[in-house]
1. Enumerate the pairs (first residue in segment 75-87 and of a type in the set (D, E, K, R); second residue anywhere and at pLDDT 95 or above) with beta-carbon separation below 6 Å, excluding pairs fewer than 6 apart on the same chain, so at least 6 apart or on different chains.
2. Identify all residues within segment 9-50 that are surrounded by fewer than 10 Cβ atoms within 10 Å (Cβ to Cβ), of a type outside the set (Asp, Glu) and not in a loop (DSSP other than H, G, I, E, B); write none if there are none.
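The values are calculated or read from the model by the stated rules, or taken from the named source; none is laboratory data. Quick caveat, the model's predicted, so the values are computed rather than measured. Neighbour counts run over all protein chains shown; Cβ positions are idealised from the backbone, glycine included.
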Amino acid sequence: MSEAKTINLKKPLQSPEGEVKRIVLREPTFDEYLVHGDPYTIAASAGGSPFMVENAEVIATYIKVCLVEPKDPAILSQGKAKLGKEVKEAVLAFFRPDAETGEASAT
């Protein structure tokens, strides 16, 4: 079963079909991951401390590819920076180890 992330909006966005009150992103598929890759890389500082380096282009691609609601990604541009951050974090959560669904891997 595929995981989805839902972001409920305090202020609805407007679409030709009416108000958009939530944003839903589905989990990327295996094939999508193979095509687009990781949305971030783990690097290490000179002192050896790990840190995450996000790839904004890959994150934006996953937002467009995995958007379930609204159907048109252009509608998201009505939102502000806080919404952009929430949507970005929802995408990144699909790739973080702590975001596992609890299902056992067959590999």
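1. As it stands, the answer is Glu86/Ile7, since those pairs meet every condition given.
2. The first filter runs over segment 9-50 and keeps only residues surrounded by fewer than 10 Cβ atoms within 10 Å (Cβ to Cβ), leaving 10, 16, 18, 30-31, 34, 42, 44-50.
From what is left, the residues that are of a type outside the set (Asp, Glu) are 10, 16, 18, 30, 34, 42, 44-50.
Within segment 9-50, Lys10, Gly18, Phe30, Leu34, Ile42, Ala44, Pro50 qualify.
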